[in-house]
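Working notes for the structure below.
The values are calculated or read from the model by the stated rules, or taken from the named source; none is laboratory data. What you see is a predicted model, and the numbers here were worked out from it, not measured in a lab. For neighbour counting, all protein chains shown are included, and Cβ atoms are generated from backbone atoms with ideal geometry for every residue, glycine included.
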Amino acid sequence: MNNITEKELLQQIAEYEFFLVDLNLYLDTHSSDTGALNDYNSHSQQLTVLKDKYTRDYAPLENFGNALSLSGWQWNDTPWPWDL
Amino acid sequence: MWIYEKRLLYPVKITNPNPRMARLLLEQYGGSSSELTAANTYLNQRYTMPFGAVRALLTDIGTEELAHLEMIASMITQCLKAVSIEQLKSAGMDGWYAAHRTSPYPVNSSGEPWTTTYIVSSGDPVTDLTHDMASEQQARAVYEGLIDTSDDSNITKPLQFLRQREIVHYQRFEEALAIVRTELK
């Protein structure tokens with residue numbers, strides 16, 4: 001995962017997270033599907049790796065202490081997702 | 001409680017201003033079948049829902065609907081960005097500009113305010129879930145109508161995504177209703 005650009009990293013985060021949102025809803029109504037559960041956990045682990053890398057190399061993606069702010073207080077001025 | 005993630009669930013990048021479309025998109029921002037209605041409905045219904053699976057589903061879909069609302073707000077804002085007064089006037093959006101500049105506001109495409117009466121929360125699991133299934137179909141139909149009105153793929157792609165999510169939500173609510181019926185036997 002070394003030569004990945006910021007845009008590519010965000011794209012991977014987007015894909016993993018959407019997959020997990022969808023799988024989360026499925027597991028809510030299929031809670032005994034162990035295959036789906038294993039899928040959820042393995043993707044969730046990888047999402048954590050991706051987000052930790054994003055936080056270290058760029059900026060926190062989450063507030064309220066769910067991500068570190070390692071280059072000063074970055075939350076205010078990093079791009080807001082509705083801006084072009 | 002809610003944590004905020006500084007990303008959109010699905011990308012929105014509308015580079016061609018479109019005040020007419022901004023007005024139409026209000027239907028899903030503050031209309032009867034809007035994401036605002038969906039989020040408020042499901043998050044309200046979950047408190048007394050008797051079954052954990054259905055509380056989970058209402059919480060999770062309700063949360064996803066807030067992410068959808070954010071996408072619609074982003075689309076409206078981008079459609080109004082860098083629009084000239086002439087373009088606003090042709091689209092009948094000069095009044096909007098006076099009241100709101102380029103901000104979204106929770107009204108429908110006819111300018112009618114969002115209202116709590118759009119929400120059904122009876123406290124009866126079968127009633128609520130049956131209503132929720134119908135709501136998802138209503139929202140799907142509105143998205144199809146909106147998609148028909150645009151030939152800008154920057155607009156239709158996020159709308160197609162949102163339409164597809166309504167179909168999935170419908171399926172999940174149908175499963176939840178089956179769970180409730182089994183549990184109630």
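Of the residues A:Glu8, A:Glu15, A:Glu62, the single one that is touching an Asp or Glu at 6+ places or on another chain (Cβ under 6 Å) and without any contact (Cβ under 8 Å) to a residue 24 or more places away in the chain is A:Glu62.
On the given criteria, is A:Glu17 part of a helix (DSSP H, G or I) and surrounded by 14 or more Cβ atoms within 10 Å (Cβ to Cβ)? Here the answer is yes, as A:Glu17 does meet what is asked. Here segment B:159-183 is the region considered, the condition is being basic (Lys, Arg) and surrounded by 15 or more Cβ atoms within 10 Å (Cβ to Cβ), and the residue that is nearest to B:Val54 (Cα to Cα) is B:Arg172. Only one of the numbered conditions (1) away from every other protein chain (no Cβ under 11 Å); (2) among the small types (Gly, Ala, Ser); (3) outside any helix (DSSP H, G or I) is not met by A:Ser31, and that is (1). Being more than 14 Å from chain A (Cβ to nearest Cβ) and surrounded by fewer than 18 Cβ atoms within 10 Å (Cβ to Cβ): is that true of B:Gln138 here? So B:Gln138 fits the description; yes. Among the conditions (1) surrounded by fewer than 19 Cβ atoms within 10 Å (Cβ to Cβ); (2) touching a residue at least 24 places away in the same chain (Cβ under 8 Å); (3) β-branched (Val, Ile, Thr), B:Thr156 misses just one, which is (2).
Examine segment B:143-151 for a residue that is within 14 Å of another protein chain (Cβ to nearest Cβ), at pLDDT 95 or above and out of contact with any His (no Cβ under 7 Å at 6 or more places or on another chain), and state whether such a residue exists. No, segment B:143-151 has no match at all.
Scanning segment B:8-26 for residues that are under 17 Å from B:Ser103 (Cβ atoms) and touching a Ser or Thr at 6+ places or on another chain (Cβ under 7 Å) turns up B:Val12, B:Met21, B:Arg23, B:Leu24, B:Leu26. Scanning segment B:103-123 finds no residues that are charged (D, E, K, R) and surrounded by 14 or more Cβ atoms within 10 Å (Cβ to Cβ). Scanning segment B:19-27 for residues that are within 9 Å of chain A (Cβ to nearest Cβ), over 18 Å from B:Arg172 (Cα atoms) and of a type in the set (A, V, I, L, M) turns up nothing. Residue count for segment B:152-185 under the criterion of being at pLDDT 95 or above and outside any helix (DSSP H, G or I): the result is 1.
For B:Glu65, which of the numbered conditions (1) under 19 Å from B:Thr156 (Cα atoms); (2) touching a residue at least 40 places away in the same chain (Cβ under 8 Å) fails to hold? Checking B:Glu65 against (1) under 19 Å from B:Thr156 (Cα atoms); (2) touching a residue at least 40 places away in the same chain (Cβ under 8 Å), the one that fails is (2).
You will find that of A:Leu70, A:Leu10, the residue that is of a type outside the set (S, T, N, Q) and within 11 Å of chain B (Cβ to nearest Cβ) is A:Leu10 and no other.
Per-residue answers, yes or no, for (1) in a helix (DSSP H, G or I); (2) surrounded by fewer than 22 Cβ atoms within 10 Å (Cβ to Cβ):
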| site | (1), (2) |
| --- | --- |
| B:Leu8 | no, yes |
| B:Pro11 | no, yes |
| B:Thr15 | no, yes |
| B:Tyr42 | yes, no |
| B:Tyr47 | yes, yes |
| B:Val54 | yes, no |
| B:Gly62 | yes, yes |
| B:Ser74 | yes, no |
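Can you pull out every residue in segment A:47-66 that is surrounded by 15 or more Cβ atoms within 10 Å (Cβ to Cβ) and not in a loop (DSSP other than H, G, I, E, B)? Residues satisfying the conditions are A:Leu47, A:Leu50, A:Lys51, A:Lys53, A:Tyr54, A:Thr55, A:Glu62.
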